[in-house]
Every structure is written in structure tokens, then in C-alpha cells.
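Participant: Below is one structure. I have some questions about it.
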Amino acid sequence: QVQLVESGGGLVQPGASLRLSCAASGGTFSSWRMAWYRQAPGKQRDLVASIDRSGSTDYADSVKGRFAISRDNAKNTVYMQMNSLKPEDTAVYYCNAASISKNYWGQGTQVTVSS
């Protein structure tokens, strides 16, 4: 059974940095496309960043140049470094793992950016 466990969220001031981690177990991590999504209150869940099994990355326009997604296949972990955080980055951040036929989600971690 695949499990994704996120960590690293918290309350920070505007301009600060956070690093989110997502540890995976129960599957073939290196073959998955990994991604981070976020969902703010009253809004839909949106894609923030993704990294495929070759290491190619993609970002939402709103986070380009501020966020960086990476993966460590030896540790079955995906990371997202978030710099220059803004109040509009406040959301629950979800880790996602996708194979050809399956889609898995973590439980989410809260990121709050406020002065």
C-alpha cells in the first residue's frame, strides 16, 4: 500500500522560506511522476510543481523563480524549497504520486504566510 507523508509546513512571515518534504513508501518511487498541489480555503486544488522520473520539472507561473521541486530516489522523498513566500501562498500543500494507472495523495501540510 502506497503512503505519502508530508512535513515541513508552518507559519512564517512574508519573505521567509520553507522546505516541504514528502516521504513515500509502498511502491516504486523512482517510476512515479511526483508533484505538489495546494488548496486555499474556498478554492480548488491547483498544481504548484511537478517532477517526472527523468528529473524534468514544471511550475505554476505564480511560483516560478521562487519554488524549486527536487527528488531523492534513494530516500524515496520529494522536496519543495519555497523562497520569498507571500501571503497568497497560504494553503494546504499536498504531495501527489502518479503512475500510468494510479494516483496517490498525502494528507497535506498547512503553510501559512502572515505578518
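Participant: For every other residue with a beta carbon closer than 15 angstrom to the beta carbon of VAL2, add +1 if it is Lys or Arg and -1 if Asp or Glu, then tell me the sum.
Facilitator: +1
Participant: Moving on. Give me the 1.4 Å probe accessible area per residue for region 1-111, excluding ligands and nucleic acids, in Å².
Facilitator: Numbers: 5850 Å² over 111 residues.
Here the per-residue accessible area is 53 Å².
Participant: With θ set to phi - 60° and the Karplus curve 6.51 cos²θ - 1.76 cosθ + 1.60, what are the ³J(HN,Hα) couplings of region 47-55 in order, to the nearest whole Hz, using x for Gly and Pro?
Facilitator: Listing the rounded values in order: 6, 9, 7, 9, 9, 8, 6, 8, x Hz.
Participant: Pop a pseudo-label 7 angstrom from the Cα along the beta-carbon direction at both LYS75 and ARG19 and give the gap in nm to one decimal.
Facilitator: Here the modelled spin labels are 0.7 nm apart.
Participant: Okay, next question. Using θ = phi - 60° and the Karplus form 6.51 cos²θ - 1.76 cosθ + 1.60, what ³J(HN,Hα) does each residue of region 32-42 get, whole Hz, x for Gly and Pro?
Facilitator: Running phi through 6.51 cos²θ - 1.76 cosθ + 1.60 with θ = phi - 60° gives 8, 7, 10, 8, 10, 10, 9, 9, 8, x, x Hz.
Participant: Hey, any idea what % of region 44-109's accessible area is carbon plus sulfur with a 1.4 Å probe? Please report the intermediate quantities before stating the final value.
Facilitator: Numbers: 1570 of 3500 Å².
Result for region 44-109: 45 percent of the exposed heavy-atom area is carbon or sulfur.
The values are calculated or read from the model by the stated rules, or taken from the named source; none is laboratory data. Because the structure is a prediction, the values reported are computed rather than measured. Reconstructed Cβ throughout: ideal geometry from the backbone, glycine too, with neighbour counts over all protein chains shown. Areas reflect the complete protein model, heavy atoms only, side chains present, ligands, DNA and RNA absent. Shrake-Rupley method; radii C 1.70, N 1.55, O 1.52, S 1.80 Å.
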